[in-house]
Every structure is written in structure tokens, then in C-alpha cells.
Amino acid sequence: MFAKAFRVKSNTAIKGSDRRKLRADVTAAFTTLGTDQVSELIPGKEELNIVKLYSHKGDTVTVYASGGNPILFELEKNLYPTVYTLWSYPDLLPTFTTWPLVLEKLVGGADLMLPGLVVPPAGLPQVQKGDLCAIALVGNRAPVAIGVAALSTTEMLAAGLKGRGFLVLHTYQDHLWQSGDKSSPPSIAPSVQDTTDVSEEKVQEDMKGLALQGAEDGKGEANQADGEKSLPETSEDGSAQDLSPGPTDGKSKQEQMDDLLQQCFLQALKCRVKKADLPLLTSTFLGSHMFSCCPEGQQLDIKKSSYKKLSKFLQHMQQEEIVQVKELSRGVESIVAVDWKHPRKGSTLEASEVRASVIDYAKKNDLVDANNKNLVKLDPILCDCILEKNEQHTVMKLPWDRLLSRCLEKLQPAHQVTFAGQEPIVKKGKICPIDITLGQRAYNKKVTVVRNLEAYGLDPFSVATILQQRCQASTTVTPVSQAKDSLQVQIQGNQIHHLGQLLLEEYRLPRRYIQGLEKAPKPGKK
């Protein structure tokens, strides 16, 4: 329901009478909550807001928010808890367990199919068709989704755990979760009767029977054979197959998977994990964080990497002193510390990549105006990205060129300079052109001044020496006033013609990065 952005209609503070009614509704809907727990969830005096919104499908939803987090939502007079509430009351609903690999699909709008369930030794919880249920991941009892049972437990077992199991309404990482503080699920140890084998080999084996329903995005039901086709092919001993070089960069598929694994690992640490989340189960880190950082169109598969197992990869990251991993309980490892200041590679986007991403997003979300292909409809995400506050309710569409230019303006500029035989240097901000000016000195003598040579890897002293010999004129190198660690070269006379030849023909700098060449003396004049 919240897999895509929604539109907020209103956001108001709750009235006293509405607060009392909500407390009564919560008591009636969730009978397992005691009086004190209901008072904690719906406090008497603390701030509580009612948010009216429209889902991307047009459903009218009422959300109750406390302390900045959505705690409940109401749809068609039915009350549902959010994951933020379930983390405080994990036993509020009957909880079913699935594999971490499944979470990414649920976040994308898929329903949970029965082959994806993990059956604990004590058996599945007993529910009836239409009952509200929570969904958690193996190794952590903190729910990551809520849904309505499509079958009773008896019917699920009678069907051999095949077919659709739950209609998913809300998940961790969806847009409703994003409207809160975006905290991660706490680590809640499973009860003894729910403990099961969580080895990576068993995860891969059970995933071969997994099928998911693409409910929100209209992908249709995936049958079991389709689920099998999307899985990585492995040999009998578990080693990855087909390690021939990839078609693009000459790296083997194993090397490409190593790169993807590290990319998802670093991005998950940087963007999704907070210090308050530690200690964090490694299985939760993989399923709830790393998989969701995998770029669209790619599939993260540890068995196709050189590490083969998550534990071996994390051991390598521990040797790099990025994380610290410990076995806090028997057979269960957790990340207990992260070196947040560890140097990591940054990434940049070229303007063409930004344009391609925006165009792809607009087309995938059907935002191109049907009557005028030159206009793009602005959904809530684009509105937040590019519109000013006073435009939020007045600008509904933009032409392609204005949309793309606004997107580029919102990004921090950067530039890359490449010198022969050296790695490219990326710096923040726009690169300033080499600036050539003419000055006047005593006795009406002209002097040529050139600045900003260092940005292009040119040594001002070397340039001054070359120009002194070619122009047969005196040169000096002095600091630039009000510019830290910057030098300028001064050459007696108008030497822009010689300077232009040096920069354009010998150093091969593009003309667009040099300003002032038009001030060169005309032929026959000095």
C-alpha cells in the first residue's frame, strides 16, 4: 500500500475527544494490550497528530503520528499498527517468519507467498483467514511487515504451503516508514520454540521454493518455476558457476560480484545503519540493509563472490578494521562496532547519468503527460526534490528541460581532472577556468597576469620559466590576494598570444577552460 509515494491532504493535532475515541478503538482492536500499554501507545498529553493522506492507488488513509513517527493507520474503518509500534510491542500480532532475502520484494510491493515461510519447530501460529499478522525475518523477532492472512493456518498446511499466504499492507522501508525517523528494526532474539536452522546453505535451498506476488506494481503472480529461474546457479559443492569475463569491463563475474558486495556493504553502513542499531545481527544486516542497497537490475549473491559466505566476507571487513563482529549467542554473529570514520571511496554522477535516471524514473512511474509528451507530471517525490515551498501546490507539471535543469541544480557540483599516467582527481565544486588578464604598470607598461594554473596540474614556476624564454620578457610569480595557496604568473607586456599557444597547443587544454584569450594583440601590434 505504501510501496510508492503518497500525497498528504492534511496534518492536524488530535482533539481530546478524538484521543479518547482512538484509545477505545485500540483497546477493542488489540485485546492483548493492557490498560497501561494502551496509555503508553496513546499518551494523554503528549503531541499526537492525525494525518489524512491519499495512497498512490487513491485510497484514503488516516495515519496517527506520535513523536514524529506513524504509530497506527486506519483504512476502511480498520485499525492497523505500524512497524514502529510493533517494535515496541512485538507480541501484539501473531508473527510469521520469512528469509531476509524476501524483504526487498515485500518493500517493492509484493505479497508474501507460502513457499517463503519458515516453519519453526513449534509449528506455524494459528490464524484464521482475514486475521492481521506480523512478518519477521529469521534470527530477529522484530516485525518488518504486516499483512492479512489469505488463508487460515489449517488451509495453508492443507495446500502444502503453496500459493499466496499474506496480503502485505505495510513494510519497514516503505514510504509510511520513511515518514518517521527511519530507524532500523531492533534486535529481538527469537523465542526458543521459534529457533531454527539459519545457515546460509539452508537459506539458498529454501529460496528455491520461494514465489512472490507482485501486488503493488502489477507484475503478476510468480510461479515456483519463475522463482527458481531467478536464483543463482551453483554446483553440487556450492561453488559459483560461469566465471568468464563480463562483457563490459574485462572483470570476471566473480570479481564483479565482489565489487557489488562491497558496494552494498559500504552503502548500507553509510546510509542505513545507525550507532543506535548496534549490536546488529549479521543476518538482519544482510536482509534488511545490504539487499535493499543493491542497484536495480542487479542481484546480490554471495555464493557467486570469492567469499562464498557472509561470515567470510565480514571477517575480511573486520581485518580492514571497518566493522567488528562477535558471536554474542551460540552460533549467531552480530556486528557490534563500526568505524564510521574509516576512509571510503566517494562516488560521482555525470550530468548524462542524472538525466538518464530522471527520464527512467518518469517513464517507469507513468509521469509523462499523455496529451503532451514534452511535459512531466510531478509526483510527491519529484515535488520534494525540485520545487520550492511556495510552488508545492501550484506547479503540477514541468517541461523536460526545466525538470532536468532543476534536478542538476539541486546536486552539489563536482569536477574531475585527469593527468597523463595518474588516477583521476575528483573535487567538489565547479572548476574555475584559467584566467588571463591585462594590467597596467608604471610608465604605461602592460603586464599579462595568469591565474588558476594549479587546478589544471600546471606549476606556475615552470610556466613562468617557459614564458620568460619564449617572450624574452621578465616574469614573476606572486601569491594571489584573498586566495589561499594560489599563485599567479606575471609577464611583462601583452604575451597572451604566446600564452595561448602554450596552453592550447602544447598542454592541449580545451579552449572553454581558458578565459581572456580574446585580449591577445592583433597581428602587427605589440
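The values are calculated or read from the model by the stated rules, or taken from the named source; none is laboratory data. It should be emphasised that the depicted structure is a prediction, and the values quoted were computed from it without experimental measurement. Heads up, the Cβs are rebuilt from the backbone with ideal geometry, glycines too, and the neighbour counts pull from every protein chain shown. Surface accessibility is based on the protein's heavy atoms, side chains included, excluding ligands, DNA and RNA. Shrake-Rupley method; radii C 1.70, N 1.55, O 1.52, S 1.80 Å.
Out of (1) surrounded by 12 or more Cβ atoms within 10 Å (Cβ to Cβ); (2) in a loop (DSSP other than H, G, I, E, B), what's the single condition that is false for Glu321?
Here Glu321 meets the rest and fails (1).
Look through the stretch 88-105, keep the residues that are more than 23 Å from the chain's Cα centre (by Cα) and of a type in the set (A, V, I, L, M, F, W, C), and return whichever of them is surrounded by the most Cβ atoms within 10 Å (Cβ to Cβ).
Phe96
When residues of the stretch 248-294 are filtered for being open to solvent by less than 60 Å² (accessible area, probe 1.4 Å) and in contact (Cβ under 8 Å) with a residue 24 or more places away in the chain, how many remain?
28
Output the number of the condition that Lys430 fails; it satisfies all remaining conditions of (1) surrounded by 11 or more Cβ atoms within 10 Å (Cβ to Cβ); (2) touching a His at 6+ places or on another chain (Cβ under 7 Å); (3) under 30 Å from Ala356 (Cβ atoms).
Here Lys430 meets the rest and fails (1).
Can you say whether Thr97 is modelled with pLDDT under 95, closer than 15 Å to Val168 by Cα and of a type outside the set (Gly, Ala, Ser), as far as the supplied structure shows? Break it down stepwise before answering.
Values: modelled with pLDDT under 95: yes; closer than 15 Å to Val168 by Cα: yes; of a type outside the set (Gly, Ala, Ser): yes.
The answer is yes for Thr97.
If you check Asn390 against the conditions, is it in contact with a Phe, Trp or Tyr (Cβ under 8 Å, 6 or more places away or on another chain) and loosely packed, with under 14 Cβ neighbours inside 10 Å? Write out each step before concluding.
Numbers: in contact with a Phe, Trp or Tyr (Cβ under 8 Å, 6 or more places away or on another chain): no; loosely packed, with under 14 Cβ neighbours inside 10 Å: yes.
Taking the combined requirement at face value, the residue does not satisfy it.
Looking at the stretch 11-35, which of the residues that are touching a strand residue (DSSP E or B) at 6+ places or on another chain (Cβ under 8 Å) and either open to solvent by less than 40 Å² (accessible area, probe 1.4 Å) or charged (D, E, K, R) (or both) is nearest to Leu48 (Cα to Cα)? Give the steps one after another, and end with the answer.
Kept after step one, since they are touching a strand residue (DSSP E or B) at 6+ places or on another chain (Cβ under 8 Å), are these residues of the stretch 11-35: 11-14, 18-19, 22, 25-26, 29-30.
If we keep only those that are either open to solvent by less than 40 Å² (accessible area, probe 1.4 Å) or charged (D, E, K, R) (or both) as well, we get 14, 18-19, 22, 25-26, 30.
Numbers: Ile14: 6, Asp18: 10, Arg19: 8, Leu22: 11, Asp25: 15, Val26: 15, Phe30: 19 Å.
So the residue we want is Ile14.
From (1) exposed (fewer than 12 other Cβ atoms within 10 Å of the Cβ); (2) farther than 30 Å from Lys274 by Cα, pick out the condition that doesn't hold for Ile359.
(1)
So Arg164 fits all but one of (1) of a type outside the set (A, V, I, L, M, F, W, C); (2) surrounded by 24 or more Cβ atoms within 10 Å (Cβ to Cβ); (3) more than 25 Å from Ala65 (Cβ to Cβ); what number is the exception?
(2)
Search the stretch 362-385 for residues being at pLDDT 85 or above and part of a helix (DSSP H, G or I), and hand back the single one that is least open to solvent (accessible area, probe 1.4 Å). Reasoning before the result, please.
Just the residues of the stretch 362-385 that are at pLDDT 85 or above, to begin with: 362-363, 366-378.
In the following step, the residues that additionally are part of a helix (DSSP H, G or I) were identified as 362-363.
Working: Ala362: 1, Lys363: 131 Å².
That would be Ala362.
How many residues does the stretch 278-304 contain that are outside any loop (DSSP other than H, G, I, E, B) and either within 20 Å of Gln315 (Cα to Cα) or aliphatic (A, V, I, L, M) (or both)? Working first, answer last.
So the first thing to find is which residues in the stretch 278-304 are outside any loop (DSSP other than H, G, I, E, B), and the list is 280-293, 302-304.
Applying the additional criterion that residues be either within 20 Å of Gln315 (Cα to Cα) or aliphatic (A, V, I, L, M) (or both) yields 280-291, 302-304.
Residues meeting the conditions: 15.
Do the conditions hold for Leu269, that is, is it outside the structural domain of Pro115 (by the TED database), in contact with a Leu (Cβ under 6 Å, 6 or more places away or on another chain) and modelled with pLDDT of 80 or more?
Numbers: outside the structural domain of Pro115 (by the TED database): yes; in contact with a Leu (Cβ under 6 Å, 6 or more places away or on another chain): no; modelled with pLDDT of 80 or more: yes.
No; evaluated as a whole, the condition is false for this residue.
Quick one: which of Lys326, Lys308, Lys312 is assigned to a loop (DSSP other than H, G, I, E, B) and open to solvent by 50 Å² or more (accessible area, probe 1.4 Å)? Show your work before the answer.
Details: Lys326 fails: assigned to a loop (DSSP other than H, G, I, E, B); Lys312 fails: assigned to a loop (DSSP other than H, G, I, E, B).
Going through Lys326, Lys308, Lys312 in turn, just one is assigned to a loop (DSSP other than H, G, I, E, B) and open to solvent by 50 Å² or more (accessible area, probe 1.4 Å): Lys308.
Would you kindly identify the strands (runs of 3 or more DSSP E) lying entirely within the stretch 422-526 that contain at least 1 residues that are touching a helix residue (DSSP H, G or I) at 6+ places or on another chain (Cβ under 7 Å)? Don't jump to the end; show me each part of the working.
On the way: elements: 425-428, 434-441, 445-451, 475-479, 487-492.
Correct list: 434-441, 445-451, 475-479, 487-492.
For the stretch 433-464, name all the residues that are among the small types (Gly, Ala, Ser) and either surrounded by 16 or more Cβ atoms within 10 Å (Cβ to Cβ) or closer than 19 Å to Ile491 by Cβ (or both).
Once the filter is applied, which keeps residues that are among the small types (Gly, Ala, Ser) and either surrounded by 16 or more Cβ atoms within 10 Å (Cβ to Cβ) or closer than 19 Å to Ile491 by Cβ (or both), the stretch 433-464 yields Gly439, Ala442, Ala455, Ser462, Ala464.
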